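Derivation of every value follows stated rules applied to the coordinates shown; laboratory data play no part. Note that the structure is a prediction, hence the values are computed from the model and not measured. A quick note on method: Cβ atoms are made from the backbone with ideal geometry, for glycine too, and the neighbour counts reach across all protein chains shown.
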Amino acid sequence: MKRLRLKLAYDGTDFCGWQLQPGVRTVQGELEKAISRITGTPVRVHGSGRTDSGVHALDQNAHVDIPDNRSEVPWLRALNAILPEDVAVTEACYAADSFHSRYGALEKTYTYTLWLNRQFVIPQRRRYVWPCGDVDLERMDRAAEYFLGEHDFAAFQNTGTPVSDTVRTVLEFSRRQGATPYECVYSIRGTGFLKQMVRNMIGCLVEIGRGKAEPHFVRSILEGKDRKKAPATAPPQGLYLFAVAYGEGDCGSDQAGRDQSGKNGRE
């Protein structure tokens with residue numbers, strides 16, 4: 001068996017999240033179905049993390065063990081030829097047997113896009129933004145600073161995934177201009193995240209941006225560790241898994257997307 005590492009991008013709108021679930025459409029399910037079609041045997045794909053229903057990804061990472069007799073398959077080209085249009089493989093390579101897409105991840109970066117105009121949302125962006133309306137971005141920026149560093153994020157975790165502890169470290173929480181003049185994008189980078197933690201942080205910032213709380217409200221919520229006292233969760237469509245960072249050498253030198261002409265399948 002050889003360990004194949006994949007990078008994926010997908011539009012999460014019509015998926016019930018990443019994780020395989022019976023009777024519903026998931027990214028993991030579509031990927032496993034496509035790979036099994038090529039290998040002729042059942043496979044199990046492991047992702048760097050689970051994205052919820054409606055959440056998008058630009059750099060989801062995954063790995064799967066494939067039979068040696070399929071090692072010459074041009075995986076990038078082959079998978080993109082049969083995967084549905086709302087998911088794509090952007091990189092494929094062979095990795096060391098010790099590589100693990102989830103446990104080997106050192107950092108993850110999520111982005112969240114807000115739509116700041118109350119009067120309309122252009123159709124091309126509706127599936128990818130939260131139309132939160134007018135907010136005070138400077139107040140939100142001040143509030144975001146309270147999230148930086150190591151904290152117990154129990155108040156920003158939704159139920160559903162048991163964890164041994166709720167302490168996490170946020171390394172960056174920054175804002176930039178979005179794809180249109182009506183958008184802003186928050187970028188959140190950390191060593192790990194709890195279930196719907198990013199969406200809960202954004203929901204809190206929007207409450208502050210609407211003038212319903214002061215920026216230091218974030219500190220009191222963190223210290224209180226009570227999810228019931230925190231604002232509502234932001235909707236999923238504005239959230240993107242933007243990047244996953246690993247240590248050097250995690251991806252092997254053998255490309256797994258090379259066609260007969262020597263190209264890697266990216267045109």
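Contact order, relative form, for the chain: 26 percent (alpha carbon pairs under 8 Å, 6 or more residues apart, mean separation divided by residue count).
Model label sites at residue 163 and residue 69, defined 7 Å from Cα along the beta-carbon direction, differ in position by 4.4 nm. Quick one: how many lysine pairs in the chain have C-alpha atoms under 26 angstrom apart, if they're 8 or more apart or on different chains? Count of close lysine pairs: 17.
Between residue 122 and residue 212, the modelled label-to-label distance comes to 2.9 nm, taking each label 7 Å out from Cα in the direction of the beta carbon.
In nm, what is the difference between 0.36 nm times the number of residues separating residue 191 and residue 36 and their Cα-Cα distance? Mind dumping the intermediate values first?
On the way: separation 155, 0.36 × 155 = 55.80 nm, distance 3.23 nm.
Computed gain between residue 191 and residue 36 is 52.6 nm.
Restriction of the GluC sites (Glu not before Pro) in segment 82-133 to DSSP coil positions whose beta-carbon has at most 13 other beta-carbons within 10 angstrom yields 85.
Charged neighbours of residue 186, selected by a Cβ distance under 9 Å, balance to +2 (K, R count +1; D, E count -1).
When chymotrypsin sites (Phe, Trp or Tyr not before Pro) are flagged only if DSSP places them in a loop and at most 14 other Cβ atoms lie within 10 Å, the longest unflagged stretch of the chain comes out as 121-267. Relative to the current alpha-carbon distance between residue 97 and residue 172, full extension at 0.36 nm per residue lengthens the span by 23.9 nm. Annotation note: trypsin sites (Lys or Arg not before Pro) in segment 8-94 located in DSSP loop regions with a Cβ neighbour count of at most 14 within 10 Å are 25, 44. Remark: spin-label model distance residue 179-residue 13 equals 1.0 nm, labels positioned 7 Å along the Cα→Cβ axis.
To the nearest 20 Debye, how big is the dipole of the chain about its Cα centre, given +1 on the beta carbon of each Lys and Arg and -1 on that of each Asp and Glu? Walk me through the numbers before you get to the answer.
Working: 35 positive and 33 negative charges, 110 e Å.
Here the size comes out at about 520 debye.
Helical runs assigned H by DSSP (4 residues or longer) give the chain a calculated mean residue ellipticity at 222 nm of -5500 deg cm²/dmol, each run adding -39500 (n - 2.57) before division by the residue total.
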